[in-house]
Amino acid sequence: MCNVPVNIKLPIEAREHLEKYWVLARRFYQEGDSPLAAFFAITLIEEVGKVIIMGNRELSGSLDKQGFFSHEKKYAYAVGMTLVVNARVTRLYGTQEKVFAGWFREGDLFRIRNSALYLDLERDTPVAPRKAVRPTDALLLVCIAGEVYAEIQGIYTGTGPDEWARVINEIDDFRTLHAEDFGSA
């Protein structure tokens with residue numbers, strides 16, 4: 001969990017909102033809707049970024065309003081606080097972590113998020129979200145979103161270590177259930 005001396009104690013409605021995206025990302029992946037799974041996973045990462053921005057406000061006394069409304073800055077807050085030095089993610093995901101890091105560095109998360117919802121054009125031909133978002137990419141995004149979400153449990157959400165453990169267990173169960181899908185990544 002993050003070791004930041006802040007406790008913003010998110011209202012229950014905000015915690016439920018984050019949890020809803022975590023549940024929807026997994027559910028849509030399990031139902032075979034990779035685009036919506038990817039959309040909810042990336043949106044969960046963005047929402048975690050907002051929570052971190054609010055936590056930083058508690059430390060600094062000022063709110064990064066520009067960051068609060070910028071997709072790229074929300075990704076940066078979320079990834080920077082939860083994944084940069086996360087040995088668990090490096091150990092479990094290996095090369096897949098590098099794939100996610102590439103998307104993050106290249107600014108592709110927002111593009112993937114939009115491709116998950118809207119028709120794209122490729123050589124003047126519409127490309128539906130189902131063709132634009134690969135199932136293996138959606139699976140990785142769901143798992144990484146869970147890792148990001150787990151890391152804000154406690155100090156940032158006002159929950160205890162049991163919530164961190166619950167989310168970690170859900171990630172592990174989800175990864176185990178879909179382990180062979182990772183093999184095709």
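The values are calculated or read from the model by the stated rules, or taken from the named source; none is laboratory data. Computed from a predicted model, the values in this text were never measured in an experiment. Note: ideal-geometry Cβ built from the backbone for every residue, glycine included; neighbour counts use all protein chains shown.
One table, with the values for the structure above:
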item	result
Residues being of a type outside the set (Ser, Thr, Tyr) and not in a helix (DSSP H, G or I) - total across region 90-133	14
Subset of region 50-89 [assigned to a loop (DSSP other than H, G, I, E, B), free of Cβ contacts under 8 Å to residues at least 60 places away in the same chain and not polar (S, T, N, Q)]	61, 63, 64, 69, 84, 85
Given (1) more than 18 Å from residue 157 (Cβ to Cβ); (2) at pLDDT below 90, number of the condition residue 3 does not satisfy	(1)
In region 164-185, the residues that are in contact with a Ser or Thr (Cβ under 8 Å, 6 or more places away or on another chain) and either crowded, with 19+ Cβ neighbours inside 10 Å or not in a helix (DSSP H, G or I) (or both)	184, 185
Subset of region 93-111 [under 14 Å from residue 147 (Cβ atoms) and exposed (fewer than 11 other Cβ atoms within 10 Å of the Cβ)]	94
In region 146-168, the residues that are touching a residue at least 60 places away in the same chain (Cβ under 8 Å) and more than 16 Å from the chain's Cα centre (by Cα)	154, 155, 158, 159, 161
Residues within region 134-145 that are within 16 Å of the chain's Cα centre (by Cα) and either of a type in the set (A, V, I, L, M, F, W, C) or outside any helix (DSSP H, G or I) (or both), tallied	8
Residue 65 being surrounded by fewer than 17 Cβ atoms within 10 Å (Cβ to Cβ), touching a Gly at 6+ places or on another chain (Cβ under 8 Å), of a type outside the set (Asp, Glu) and over 30 Å from residue 182 (Cβ atoms)	no
Single unsatisfied condition, residue 41 versus (1) at pLDDT 90 or above; (2) over 20 Å from residue 106 (Cβ atoms); (3) in contact with a Cys (Cβ under 9 Å, 6 or more places away or on another chain)	(2)
Filtered residue count, region 10-35, keeping only those that are more than 13 Å from residue 143 (Cα to Cα), in contact (Cβ under 8 Å) with a residue 40 or more places away in the chain and touching a Gly at 6+ places or on another chain (Cβ under 9 Å)	2
